[in-house]
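Derivation of every value follows stated rules applied to the coordinates shown; laboratory data play no part. Predicted, not measured: the structure shown is a model, and the values here were computed from it. Ideal geometry is used to build each Cβ from the backbone, glycine not excepted, and the neighbour counts take in all protein chains shown.
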Amino acid sequence: MKTHLNRMLGLLAGDAQADRVVPPTGFTARLTLFSAGAMAFLAVFALALSMASGRLAERWSDALSQSATIRISAPDDQIEMQVQAVLEILATTPGVHSARALGIDEQNALLEPWFGPDLPLDTLPIPRLIEVLEDQGGFDETGLRNRLAGEAPGAVLDNHTRWRAPLVHAAGRLRILGLLSIGIITIATAMIITLAANAALAANAQVIRVLRLVGARDAYIARAFVRRYTLRTLTGAGIGTLLGLLAVAILPSTNISSASVSGADISDSFLTGLGFQGAGWFWPLLIPPVAALVAFIATRQTALTTLKERS
C-alpha cells in the first residue's frame with residue numbers, strides 16, 4: 001500500500017507528452033467523474049450512518065446501564081405506603097445515587113407516545129414507577145430484590161437489561177452495515193473505473209500502436225492512463241464528498257438527554273442524530289484521497305494487464 005501511495009504521489013507531477021495519449025474529454029471522462037462523485041456522496045452517508053450508530057450504542061448503553069426502575073403494583077389504599085417504603089429502602093441501599101417516584105403526569109407522558117393523548121389513563125390500574133440512578137459502582141441487585149420482597153411485596157426491580165442489550169446489539173449491527181456499505185462502494189468504484197480505463201485503452205488502440213513503434217514502453221503509456229483517471233477520480237470524489245457534507249449538515253438535529261429511554265426519544269435521537277460531531281467531520285475528507293488511491297491501483301493494474309495482452 002505504501003508503494004502504491006508513493007507512486008500515486010509521483011504521478012501528480014504529470015507529463016505533458018504522456019497526457020496526450022488519453023483524451024481529456026469524452027464518455028469515459030464523464031463516466032469517471034460522475035461515478036466517483038456519486039460513490040463519494042454515498043460513502044459520506046454510509047460513514048455518517050456508521051459513526052452515528054456507534055454514538056447511539058454508547059448513548060443507549062450508558063443511559064440504561066446507570067439507571068433502573070422499580071414498578072409498584074398494589075391496591076389503591078396501599079400504593080402510597082409501598083412507595084414510601086421503597087424510597088426508604090433505596091435511601092439506605094449502598095450504590096444508589098438517587099431515587100424518586102415519578103408523578104402521575106410524568107407517567108402519562110411516558111405512555112402517551114405509545115397509546116396516544118386521548119387514552120383515559122386515570123381509569124386504568126397503572127403501576128407507580130420509581131426512577132433509580134446508580135453510583136459508578138452500582139448496587140447489589142440480589143440484595144435489593146430480597147429487601148423489596150420482604151418490605152414491599154408489590155415492588156419489582158427492572159435493571160433495563162432486556163432493553164439495553166437489544167438496542168446496543170441493533171446499533172452495533174447498523175454500524176457494521178455502514179462499514180460494509182463503504183466496502184461495497186469502494187469495490188464498485190474500482191470496477192467502474194476499471195471498465196472506463198478498458199474503454200479508453202480500446203478507443204486509443206491506434207495511438208498506442210504508434211507510440212510503441214516510436215519506442216514508447218508500456219510503463220510510459222500506462223502512466224498516462226493512470227494519472228488521468230486518478231486525477232479524474234480525485235476531482236469527482238472531492239465534489240461528491242463536498243455535496244455529501246452539505247447534505248449531512250442540513251439534516252435536522254436535536255439534543256436527546258442521555259437519560260432518556262422512551263421509545264419516542266430513541267427513534268427521534270436516531271432520525272435526528274445521523275451526522276458527524278466534533279472531529280468526526282474530518283473523516284469524510286479522507287474519501288477523495290482514498291478514492292484516488294483505489295483508482296490508481298485499479299487503473300494501473302488494468303493498463304499494464306491490457307497492454308501486456310495486446311503486445
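Observations
- Residues F34 and D140, FRET efficiency given R0 of 51 Å [Cβ-Cβ distance, rounded to 0.05]: 0.25
- In a fully extended conformation the segment linking M81 and Q277 would gain 65.9 nm over its present Cα-Cα distance, using 0.36 nm per residue.
- FRET efficiency estimate (nearest 0.05) - Cβ-Cβ, V207 to Q301, R0 22 angstrom: 0.60
- Once C-alpha pairs closer than 8 Å and six or more residues apart are averaged by separation and normalised to the residue number of region 74-153, the relative contact order reads 45 percent.
- Neighbour counts of C-beta atoms inside 10 Å place T194, T123, T28 in the sequence T123, T194, T28, starting with the fewest.
- Residue by residue, region 218-230 carries 3J(HN,Hα) couplings of 4, 4, 5, 5, 4, 4, 5, 5, 4, 5, 4, 6, 5 Hz when phi is fed to the Karplus relation 6.51 cos²θ - 1.76 cosθ + 1.60 (θ = phi - 60°); x denotes Gly or Pro.
- Going by neighbour counts of Cβ atoms within 10 Å, the residues S73, S35, S98 line up, fewest first, as S98, S73, S35.
- Sequence of S67, S53 once ranked by neighbouring C-beta atoms within 10 Å, starting from the fewest: S67, S53
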